[in-house]
Amino acid sequence: MKEIMMMMDDIIFEILHFLDTVFILGVCTRVSKQWYQKCMEFPFSISFCNSPRKPSFPYGHQTIQYIANCENLRNLTELHLPADKISSNEIKSMMESENVRNLKVLDLPGTGSTRSKLLKRNNIRESVKYIAQSEKLKNLTSLKLPKNSISSEDVYIIANSDNIRNLTDLMLSENNIRSLGAGHIAASDKLRNLKRLDLSYNHIDTTGAENISQSDNMSNLTELNLAGNTIDYEGTKLISNSSILRKLRKLDMFGNDIGDEGTKHISEKMKNLTVLRLGNCNISVKSANYISNGRALTNLTTLHVRSSNIGSKGAHLLSQSSNLKNLTDLHLSGCSIGSDGVKYISSSPLLSNLTCLKLQLNALGSDGAKHLSQSEHITKLKELSLTKNEIDSEGAKYLAQSTLMKNLTILEIDMNCIGNEGATFLSTSENLKNLSYLDLSANNISAEGAYNIIHGMTKLRELRLYFNNIESECEKDLIQSAAHLTLKI
C-alpha cells in the first residue's frame, strides 16, 4: 500500500507540471488530502509578463495582495512582475511576505530602455531598497531588473545587501549604471557567487571593464554580457588578459568599438570560451583571421560576427578553421560575404556540425541559395535565415528541392522576391515538411501563394506574410483556413 501511495505521489507531481498555477490553486488543492500535500510541495512560478511564459494571472492590485497573503503559495520559487505597473508599496508588501522565503527567481522588467530617447522612471527604482533589505530573500539566486533606469546609486544598494548574498544570476540590462555601477558590483564580496552577469546597454566604458576584470569577487563568472556599451580594445584587452575571469564560457561584446585589436586579444587568451558575440564591433577580415587562427578559440560552439566587414575572404578564413569544428551556431548577417562567401561556408567539412546559420543582408542571390542547397556538409541545419538576400523563385526552388533541408524547423526568407511561384515550390516540397516557423514577409506573394503555403505545409505553427500583395478581402478566408497555426499578415 505504501508503494502505491508513493507511486501516486510521483504521478500527481508529474501532472502538476502540465497545469497552470490558477488551476492548481483553485482545483487541485481541493481534490484530496494527498493532492493538497503534493500541491504544497510543488514549486510555483507566477508571471504577469509575456516572458518567459504567458501570464499566470490577469494583473491587478488585488491579485498582488492575494499572492502576498495566500498560504498555499509558501513554495513560490519564481515571480515575474511588470515593474512599470506595480507600486513601491506593493513591492514592499511582497518582499515582507512569507511567500517569498523560497523564492529563487525575481524578475521585474521595466520599460525605460537606455536605447530609447524616452527614459521612463519606473517604480522599481524607489523599491530597490525594499528588495535589498528583505530578510525573506535569502534563497534568491536570480535577480532581473532590466529597463528600469536604475542608476549606480541603486546598484550600490543591491551590491551591499546582506540578504541577497546567494545570487548567481544578476541581470541589469538597459539601465544607466555606468562604470561606477559596474565598480560597485565588482567591489562587493557579497556578490562573489555570481556566475552570470548581464550589464548590456548601460553606458559602461573601459573603466567599468577594468573594474570587472580586476576584482577577485568576479572569479566565478561563466557568462558576461557587456553588449551595447562603450568599451574599446583596451577594455577588451583587460578582460581577455584577466586571470580572474578564466572561468568565462560566454562573452557578449556586441556593439562595442573593440576593433580588430580587441578580437586579437580575445583570440589569443580566452581559451575556455564556447560562446562569442562580436557583432557590430568595428571589425574586419583581420578579425576573421584572428578568430580562425588564434590559439585560444578552439572550443567555440556559437560565433556571432554580424554587421562586420569581413567579406567573402573572411568567410573563407572561417570556413577553413579547425578552431570552429565544434560550431553549431554561426551568425554572419550583414557581413558582405556574397554568393562566394556562402559557397565557402557550404563546402566546408569543418562546419558540418552547424544547426543554426544566419546570413541575412549578404546579397547572396539565388546562386547563394544554390550553394547552400548543394552542400555535402551542412546537413544538420535546423534554423536558416536568408532575410533580404535578393533571392527569387529560382532560389526558392533550389532550397525546396534540397534533401539537406529535411531537418529545418525554422526558415526566414523574408524581404526577398520569390513571389507566388517560389511560395508554391516551398509549399510542395517534401524536404521542408518539418518546418514549424516560416517567414515570407515582403516577397510579392498574393493570396494564391499564401493558400498554397497554408494547405501544403501542415506542420507549420507560425507563418508570417507581412507586406505582401494579399488582397484585404482574402485575409479573412486565409485566417479561417489557417486555424492550425498562427498567421500574421
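The values are calculated or read from the model by the stated rules, or taken from the named source; none is laboratory data. Since we're looking at a predicted model, the values are computed, not measured. No Cβ is skipped: glycine too gets one built from the backbone with ideal geometry, and neighbour counts run over all protein chains shown.
Yes/no matrix, rows are residues, columns are (1) surrounded by 16 or more Cβ atoms within 10 Å (Cβ to Cβ); (2) charged (D, E, K, R); (3) in contact with a strand residue (DSSP E or B) (Cβ under 9 Å, 6 or more places away or on another chain):
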{"site": "Glu394", "(1), (2), (3)": "yes, yes, no"}
{"site": "Thr403", "(1), (2), (3)": "no, no, no"}
{"site": "Leu408", "(1), (2), (3)": "yes, no, yes"}
{"site": "Gly419", "(1), (2), (3)": "yes, no, yes"}
{"site": "Arg464", "(1), (2), (3)": "yes, yes, yes"}
{"site": "Gln480", "(1), (2), (3)": "no, no, no"}
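Each residue in the range 294-331 was checked for being on the phi > 0 side of the Ramachandran plot and not in a loop (DSSP other than H, G, I, E, B), and 1 pass.
In this structure, Asp439 does not qualify as buried (at least 22 other Cβ atoms within 10 Å of the Cβ), touching a residue at least 12 places away in the same chain (Cβ under 8 Å) and among the acidic types (Asp, Glu). Residues in the range 264-289 that are surrounded by fewer than 22 Cβ atoms within 10 Å (Cβ to Cβ) and hydroxyl-bearing (Ser, Thr, Tyr): 2 in all.
Determine, yes or no, whether Lys397 is farther than 26 Å from Leu324 by Cβ and among the basic types (Lys, Arg). Judged against the criteria, Lys397 is a match. How many residues are farther than 12 Å from Arg74 by Cα, at pLDDT 85 or above and under 30 Å from the mean Cα position of the chain (by Cα) if we restrict to the range 24-49? The total comes to 2. Only strands (runs of 3 or more DSSP E) whose full extent lies in the range 362-477 are considered here, and the ones with at least 2 residues that are farther than 18 Å from Gly338 by Cα and not charged (D, E, K, R) are 410-412, 437-439. In this structure, is Leu170 farther than 30 Å from Arg295 by Cβ, among the aliphatic types (A, V, I, L, M), more than 25 Å from the chain's Cα centre (by Cα) and modelled with pLDDT of 95 or more? So Leu170 fails the test.
When you scan the range 194-203, how many residues do you find that are of a type in the set (A, V, I, L, M, F, W, C) and either within 13 Å of Ile150 (Cβ to Cβ) or surrounded by fewer than 17 Cβ atoms within 10 Å (Cβ to Cβ) (or both)? The number of residues fulfilling the criteria is 1. The numbered conditions (1) free of Cβ contacts under 8 Å to residues at least 60 places away in the same chain; (2) buried (at least 17 other Cβ atoms within 10 Å of the Cβ) are all true for Glu135 except (2). Of all residues in the range 148-193 being assigned to a loop (DSSP other than H, G, I, E, B) and touching a residue at least 60 places away in the same chain (Cβ under 8 Å), which is surrounded by the fewest Cβ atoms within 10 Å (Cβ to Cβ)? Restricting to residues being assigned to a loop (DSSP other than H, G, I, E, B) and touching a residue at least 60 places away in the same chain (Cβ under 8 Å), the top hit is Glu174. Residues in the range 339-355 that are in contact with a strand residue (DSSP E or B) (Cβ under 8 Å, 6 or more places away or on another chain) and either part of a helix (DSSP H, G or I) or surrounded by fewer than 20 Cβ atoms within 10 Å (Cβ to Cβ) (or both): Ile345, Leu351, Thr355.
Among the conditions (1) buried (at least 21 other Cβ atoms within 10 Å of the Cβ); (2) at pLDDT below 90, Leu119 misses just one, which is (1). If you go through the range 125-150 and pick out every residue that is in contact with a helix residue (DSSP H, G or I) (Cβ under 7 Å, 6 or more places away or on another chain) and of a type outside the set (Asp, Glu), you end up with 14.
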